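> Structure below; questions to follow.
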Amino acid sequence: MTVSLAPVATDANSSTEKPALVIRNYSLSYRTDNGLVSALKNIDLTIGKGQTVGLVGESGSGKSSMAWSVMRYLPPNAVETGGAIRLAGEEMLDFSPRQMADIRGSRMSMVFQDPSTSLNPTIRIGEQIAEVLMRHRGLTKIEAYAYAEAALARTGITRPKEMLGRYPHEASGGEKQRVVIATAFACEPELIIFDEPTTALDILTARQILDLFNQLREETNVSALYISHDLGLVSRVVDEVSVIHKGVIVESGPVQDVFRRPKADYTRQLIGAVPNPDRWIGVDAPAVPETLVKLDDVGVRYGAPTKLQKLFWPKDSETTGFWGAKGVNIDIRKGELLGVVGESGSGKSTIAKVLAGLQDFEGRLEFAGKTFANRKDIDRAYRRRVQLVFQHPDASLNPRQRIGTIIGRPLKLYGVVPADKVAARVAELLEMVRLPADYAKRYPHQLSGGEKQRVAIARAFAAEPDLVICDEVTAALDVSVQAAVAELLVKLQKDTGTACVFITHDLNLIRQLAHRIAVMHHGKLVDFFDRPDARSDDRDAYTKALLDAVPVPEAAIA
Amino acid sequence: MRKFFSSPTAVVGTLLLAIVLFAALFGPLVAPFDPQEFHPVARLQGPSATYWLGTDQFGRDLLSRVLNGAPATVAFGLFATAIGVGIGSVIGVIAGVSGGWVDSTIMRILDGLLAVPDLLFTLLIVTVLGGGMEHALLAVAIAFTPGMARIARSAVLSVRTRDYVRAAVARGESGFYIVTFEVLPNALSPIVVESTIRVSFAIMIGATLGFLGLGAQPPSTEWGLMVAEARQFMFRNPWCVAIPGLSIAMAALGFNLFGDALRDALDPRRSH
């Protein structure tokens, strides 16, 4: 027993033979008000020494439960109904919580999804890394800091010494995730669990983190379990992949085999749902381009100076606040689908809010011959003809109203149909978004995320608008649901001839749908082009970087 | 419902509340004696077979007096809270919905009022209005208004920025529709929970005013007044102070625990 805690070098021979992690026939359930709910069923998973295994599944598939089971950090209502989890041959289910505390961080560590919540905001970064080293490797404070500096340098942070003295809020999202990764690698563990480590980051940073992961893996020969919902991304980093669906592993094998020759129906469905930029599913572009809405030099300034500030401190007032968007010129044509792409904070949602009349703006908004110079001018006719669909379907439907009331409201408000025909029209609209008509009697919480988003889309189309703005409507949904919602949107566009502004950060998806694409960066419109020109040479450098950063799934290349 | 009763707080609260409400509704009917009937031979007695909870300085049956006082005491708490919550919510909703300088003005004035302790504020109002049950009730209601306005405002503020409200704004809905159909139904639960807890404070303040002689007047059987009247005889028969005192505690605790349990049950962040 003493051997196992000795430095890795001495028993290197024995551990090369044993796989880093073996999970055999493992099952897990949660005790809830409705009795035992099974989360994982008969899971078998092996991670060889120096191997990276991907675990792919949609939300609720049990992939996070798996991570917590391996870390032996389960909630009190978890019931393990059998099986084995072995770390380098040792049965972890038998370990006491105390033994596990020694193993976590030294022999096994974890990288979480959101670096801004996994670092303690009140402790300096250096201290957070050094703590792990002092606790598990018995280094002195000075040694630990020196080692931490080296660890940070290895993750590509340019000034590691400076970073050690900073607080988490003084580092960017990418830097924070590098710190978390440096901490995870600090004690040279045998196994690292990555739980969606790039989901909370923007595309370019995510790309860098993936490269870093690949580089560190080669240097350290660590074994890793990589959990993700993103097939394209997983295909880039792992050797073997297991696809998990409703707590059961439906398929596993080498990554090329699984993606090129999927055996299970679910895997095939999952791969088919991944957006492929070369497969066009949008409607035909309008034959004669006719401008519907025009944004003319539109700017939005958050924290704009008050009248008092302008009066007394005219100089300061020019620099106060922050431009959410500045000098944006976009025209939207009748019947087209315009994609707006950008990272978080690029100003794409600000533009959506301006178009929906929710945000005060400078500049001019032209619609059907009318010009609005500020938000208060926008009239009801405009509000009827321009509808907005929000990102989070949970938040955009009033939880106390029934679906029928929610969809029926625009019908009544704008008098689209006579009062006695509202119920019939609601049923029609539900059918249009492929939901059963009796959903009208339900409340939003009785629906799944994808169904709720369909309701929100039905509400937007109920007003029979000329333009529907979709603000990241697929971002909160699973891949397969995402594809269905995108297809639904295209179908509705085909049927009604409505123009659509589709705001997203997913370039692969938008290249399937949009006729023209606008790229935003730091509140400015940096590029605006027709879809076929996406790869042409006169694209902006930022557009090119974005296009190169997007992982195209293996299956799509093949 | 089963989930609500799974916590001991909810069970105890509901039980106490049931007893108190039973006394408030049927107390006068089930009381064994006339609450004002003197029994000169049995003064200041402890509990016995005839007088279950003992007698006071005039030989009046304490059980009958407590049961007869229940409707007045509980009704006082409920009505004072209802009026306070009503006025407070209206002010709070106005402040929360309008925002800007209207909100700032209203809230700064309320902040000033909140700085005065509830009881002191009530005493001040009673001094101006004069004593008596109705005035005491009004005083408690007014004292509750600033606190309730604050809670209503924060409830409205948290709902006001939700996407479904923004969706209504984007549709071009009228302000009235947005407030009544989108904001209020979703802001209601914190207000309901808070008012349940407030009933217990109202009962206690009402009893305190009675004790100080500023609320109900003799020969009323209001519980606070009963304590005040029996105070001189406290050492000869502790029962005549303890019984009305415990009744007040029971009513207050019942509403308080019930309110707590209701909050836990209604607040999705606390229940899993």
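> Please give the contour-minus-distance gain from A:ASP211 to A:GLU162: 0.36 nm per residue of separation, less the Cα-Cα distance, rounded to one decimal in nm. Write down the numbers at each step before the final one.
On the way: separation 49, 0.36 × 49 = 17.64 nm, distance 2.33 nm.
Residue separation times 0.36 nm, minus the Cα-Cα distance, leaves 15.3 nm.
> Hey, another quick one. How many times 2.2 N^0.38 Å is the alpha carbon radius of gyration of segment A:226-275?
On the way: Rg = 9.8 Å, N = 50, 2.2 N^0.38 = 9.7 Å.
Taking N as the residue count of segment A:226-275, the ratio is 1.01.
> From the phi angles alone, apply the Karplus equation (6.51, -1.76, 1.60; θ = phi - 60°) to segment A:94-99 and give each ³J(HN,Hα) in whole Hz, x where the residue is Gly or Pro.
Karplus-based 3J(HN,Hα) across segment A:94-99 equals 8, 5, 7, x, 5, 4 Hz.
> Note down the relative contact order for segment A:244-341 as a percent, whole number, built from C-alpha pairs under 8 angstrom at least six residues apart. All intermediate terms of the calculation are to be shown ahead of the outcome.
Working: 88 pairs, mean separation 26.8, N = 98.
This gives 27 percent for segment A:244-341.
> Which of the pairs A:LYS307/A:LYS353; A:LYS294/A:LYS494; A:LYS310/A:LYS348 have their Cα atoms more than 26 Å apart in this structure? Let's see the in-between values first.
Numbers: A:LYS307/A:LYS353 24 Å; A:LYS294/A:LYS494 22 Å; A:LYS310/A:LYS348 28 Å.
Correct reply: A:LYS310/A:LYS348.
> Another question, if that's okay. Just to confirm my numbers, what's the Cα centroid distance between segment B:59-86 and segment A:365-405 in Å?
51 Å
> How big is the equivalent ellipsoid of segment A:236-334 along its three axes, where each semi-axis is √(5λ) from the Cα gyration tensor, reported in whole Å from largest to smallest?
Numbers: eigenvalues 527, 128, 23 Å².
Semi-axis lengths for segment A:236-334 are 51, 25, 11 Å.
> To continue, here is another question. Hey, what number do you get for chain B at 222 nm if only DSSP H runs of n ≥ 4 count, each worth -39500 (n - 2.57), divided across all residues, to the nearest 500?
Helix-only estimate at 222 nm: -24000 deg cm²/dmol.
> Once the cut-off is 48 Å, how many percent of the Cα-Cα pairs in chain A end up in the long-distance tail?
On the way: 30041 of 155403 pairs.
For chain A, the share of Cα pairs beyond 48 Å comes to 19 percent.
> Moving on. Could you pull out every residue, at least 5 positions away or on a different chain, whose amide H is within less than 5 Å of the one on B:HIS39? Hs are placed 1.01 Å off N in the peptide plane, and Pro or chain starts have none.
B:GLY59, B:ARG60
> Sticking with this one: Taking Cα atoms, how many degrees apart are the long axis of helix A:141-154 and the longest axis of chain A, rounded to 10 and kept between 0 and 90?
The angle comes out near 50 degrees.
> Same structure again: Per residue, how big is the convex hull around the C-alpha atoms of segment B:22-127? Give it to me in cubic angstrom, could you?
Details: hull volume 14.4 nm³, N = 106.
Cα-based convex hull of segment B:22-127, divided per residue, equals 136 Å³.
> So if the hydrodynamic radius of segment B:177-236 is defined as the Kirkwood radius over C-alpha pairs, what does Stokes-Einstein give as its diffusion coefficient at 4 °C and 1.567 mPa s, in µm² per second? Display every interim value, and only then the final one.
Details: Rh = 14.0 Å.
Diffusion coefficient, whole number: 92 µm²/s.
> Scan around A:LYS49 for amide H atoms under 5 Å from its own, H built in the peptide plane at 1.01 Å from N, and keep only partners 5 or more places away or cross-chain.
A:ALA20
> So for chain B, taking the charge dipole from beta-carbon charges (+1 Lys/Arg, -1 Asp/Glu), which of B:THR161, B:THR50, B:ALA23 sits furthest toward the positive end?
So the residue furthest toward the plus end is B:THR161.
> A follow-up question, please. Based only on Cα atoms, what mean projected area does the convex hull of segment A:451-558 have, in nm²? List each step's numbers first, then the result.
Working: hull surface 32.0 nm².
Mean shadow area of the hull around the Cα atoms is 8.0 nm².
> Still on this structure: If you take the C-alpha gyration tensor of segment A:125-218, multiply each eigenvalue by 5 and take the square root, what semi-axes do you get, largest first, in whole Å? Each step should come with its number before you reach the end.
Values: eigenvalues 91, 48, 24 Å².
Equivalent-ellipsoid dimensions as semi-axes: 21, 16, 11 Å.
> Of A:TRP280, B:TRP101, B:TRP223, how do they rank once you tally other Cβ atoms within 10 Å and put the fewest first? Before the final figure, lay out the partial values.
Values: A:TRP280 13, B:TRP101 8, B:TRP223 30.
By the 10 Å Cβ count, ascending, the order reads B:TRP101, A:TRP280, B:TRP223.
> What order do you get for A:VAL180, A:VAL433 when you list them from fewest to most C-beta neighbours inside 10 Å? Mind showing how you got there, number by number?
Details: A:VAL180 25, A:VAL433 22.
The fewest-first ordering by Cβ neighbours comes to A:VAL433, A:VAL180.
> Any chance you could count the Lys pairs in segment A:12-273 whose alpha carbons are under 26 Å apart, treating pairs 8 or more apart or on different chains as valid?
15
> Using only Cα atoms and rounding to the nearest 10 degrees, what angle (0 to 90) does helix A:125-137 make with the longest principal axis of chain A?
Here the helix axis deviates by roughly 30 degrees.
> OK, next. What distance in nm separates the simple spin-label points at B:LEU44 and A:ASP284, each placed 7 Å from Cα in the Cβ direction?
10.5 nm
> Continuing with this model, one more query. Report the gain in length on full extension from A:GLN446 to A:GLU91: 0.36 nm times residue separation, minus Cα-Cα distance, nm rounded to one decimal.
Working: separation 355, 0.36 × 355 = 127.80 nm, distance 4.14 nm.
In short, 123.7 nm is gained.
> How high is the relative contact order of chain B, in percent, counting Cα pairs under 8 Å that sit 6 or more residues apart?
Details: 429 pairs, mean separation 71.8, N = 272.
Rounded, it is 26 percent for chain B.
> Dividing the convex hull volume of the alpha carbon atoms of segment A:12-273 by its residue count, what do you get in Å³ per residue? Walk me through the numbers on the way to the answer.
Working: hull volume 36.6 nm³, N = 262.
Convex hull of Cα atoms, per residue: 140 Å³.
> Also, quick follow-up: Taking only the Cα atoms of segment A:313-423, how large is their convex hull per residue, in Å³? All intermediate terms of the calculation are to be shown ahead of the outcome.
Numbers: hull volume 19.1 nm³, N = 111.
Considering the Cα atoms of segment A:313-423, their hull volume per residue is 172 Å³.
> A follow-up question, please. Quote the charge dipole size of chain A about the Cα centre in Debye, to the nearest 20; the model charges only the Cβ of Lys and Arg (+1) and of Asp and Glu (-1).
On the way: 69 positive and 69 negative charges, 332 e Å.
In debye, rounded to 20, chain A gives about 1600.
> Can you pull the semi-axes for chain B, root of five times each eigenvalue of the Cα gyration tensor, sorted largest first, whole Å? Kindly include the intermediate steps, with their values, before the conclusion.
On the way: eigenvalues 351, 94, 33 Å².
Taking √(5λ) for each Cα gyration eigenvalue gives 42, 22, 13 Å.
> Two decimals is fine: what's Rg over Rh for segment A:367-442, C-alpha atoms, Kirkwood radius as Rh?
Working: Rg = 14.8 Å, Rh = 14.3 Å.
The Rg/Rh ratio comes out at 1.04.
> Which value in deg cm²/dmol, rounded to the nearest 500, describes the helix-derived mean residue ellipticity at 222 nm for chain A, given -39,500 (n - 2.57) per DSSP H run of n ≥ 4 and division by the residue count?
On the way: 25 runs with 220 residues, N = 558.
Here the helix-only value at 222 nm equals -11000 deg cm²/dmol.
> If you don't mind, there's one more thing I want to ask. In Å and from the alpha-carbon atoms only, list the Rg and Dmax of segment A:419-475.
Cα-based Rg and Dmax for segment A:419-475 come out at 11.7, 37 Å.
> Grab the Cα-Cα distance for A:THR140 and A:ASP360, subtract it from 0.36 nm times how many residues apart they are, and report the gain in nm with one decimal. It would help to have the intermediate numbers written out before the result.
Working: separation 220, 0.36 × 220 = 79.20 nm, distance 5.62 nm.
Gain in length upon complete extension: 73.6 nm.
> Sorting check: for A:28-38, B:80-90, A:153-163, which peptide has the highest mean count of neighbouring beta carbons within 10 Å, and how do the rest follow?
Working: A:28-38: 13.0, B:80-90: 21.6, A:153-163: 17.0.
Highest to lowest by the protection proxy: B:80-90, A:153-163, A:28-38.
> Against the globular-protein guess of 2.2 N^0.38 Å, express the Cα radius of gyration of segment B:161-271 as a ratio, rounded to two decimals.
For segment B:161-271, the normalised Cα radius of gyration comes out at 1.66.
> With everything on Cα atoms, drop me the angle between helix B:8-30 and the longest principal axis of chain B, reported from 0 to 90° to the nearest 10.
50 degrees
> Right, next: What fraction of the DSSP beta bridges in segment A:12-273 is antiparallel, stated in percent and rounded to the nearest 5?
Details: 25 of 44 bridges.
In segment A:12-273, DSSP labels about 55 percent of beta bridges as antiparallel.
> Another question, then. Take segment B:77-189, drop everything but the C-alpha atoms, weight them equally and run the Debye formula without solvent; then report log10 I(q)/I(0) at 0.10, 0.19, 0.21 Å⁻¹ to two decimals.
-0.35, -0.93, -1.05
> What is the order of A:MET71, B:MET250, B:MET234, fewest Cβ neighbours within 10 Å to most?
Values: A:MET71 19, B:MET250 16, B:MET234 13.
With the sparsest Cβ surroundings first, the list reads B:MET234, B:MET250, A:MET71.
Where a number appears in this text, it was derived from the coordinates with a stated rule and is not lab data. Quick caveat, the model's predicted, so the values are computed rather than measured. Backbone-built Cβ (ideal geometry, glycine too); neighbour counts: all protein chains shown.
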